[in-house]
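Here is the structure we will look at.
The values are calculated or read from the model by the stated rules, or taken from the named source; none is laboratory data. Keep in mind the model is a prediction, meaning the values are calculated, not measured. Cβ placement follows ideal geometry from the backbone for every residue including glycine, while neighbour counts extend to all protein chains displayed. For the accessible areas, the whole protein counts, side chains as well, though only heavy atoms, and no ligand, DNA or RNA atoms are used. Shrake-Rupley method; radii C 1.70, N 1.55, O 1.52, S 1.80 Å.
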Amino acid sequence: MLVYGHDPVLPMEVAVKSARIAYQNGLTPADYTQAMLMELEDLDEVRLVALDHMLVQKRRVARSYDKRVRRKSFTEGDLVWKGVFPLGEKNPRYGKWSPTWEGPYQIAQVLRGNVYLLMDLNGGLFKHLTNGKYLKHHYPTMWEMRDFGEIQANKP
């Protein structure tokens, strides 16, 4: 009905002569045309109702999907791992054991929209911004913390 403007007629309804087909066969051409125009007038309303149902369903699906999404946020100075780009790229030397994360890097600046500017541990800034969905927290070991402290102490 939403596509053609009136309900489809199944072949079985024609063969069995359903009440709807009998009613349509009893109409004069002028009455049939008038009935089709009445259906077309109601069609916009039916399409709007269908659109409302579709939007409600989309919100329902989004809400159920978003239940499983974990929000990630980072602050300046946090240590993070960055996903290897392009995603799925494999180093021929390692094959399927290629790393999927690289780093650790430090958050240099937090921008709007879950976007971050990264720098390596030596203070070199990345020229490209990184979306937060491609980052994950790095929890350093005590040996890494010692090395990171030495790097920070030697900075001018």
Would you check if there is a residue in the range 50-69 being without any contact (Cβ under 8 Å) to a residue 40 or more places away in the chain, within 30 Å of residue 125 (Cα to Cα) and assigned to a loop (DSSP other than H, G, I, E, B)? yes
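Within the range 66-76, is there a residue that is modelled with pLDDT of 90 or more, over 30 Å from residue 1 (Cβ atoms) and surrounded by 10 or more Cβ atoms within 10 Å (Cβ to Cβ)? Steps first, please.
Residues of the range 66-76 modelled with pLDDT of 90 or more: 74-76.
Checking the rest, the ones that are also over 30 Å from residue 1 (Cβ atoms) come to 74-76.
Restricting the remaining residues to those that are surrounded by 10 or more Cβ atoms within 10 Å (Cβ to Cβ) gives 74, 76.
Yes, the range 66-76 contains at least one residue that is modelled with pLDDT of 90 or more, over 30 Å from residue 1 (Cβ atoms) and surrounded by 10 or more Cβ atoms within 10 Å (Cβ to Cβ).
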Any idea which of (1) surrounded by 12 or more Cβ atoms within 10 Å (Cβ to Cβ); (2) at pLDDT 85 or above; (3) over 24 Å from residue 72 (Cα atoms) is the one residue 122 doesn't satisfy? (1)
Scan the range 74-93 for residues that are closer than 14 Å to residue 134 by Cβ and not acidic (Asp, Glu) and jot them down. 74, 80, 81, 82, 83, 84, 85, 86, 87, 88
Which one of these does residue 104 not meet: (1) more than 27 Å from the chain's Cα centre (by Cα); (2) open to solvent by 70 Å² or more (accessible area, probe 1.4 Å); (3) modelled with pLDDT of 85 or more? (2)
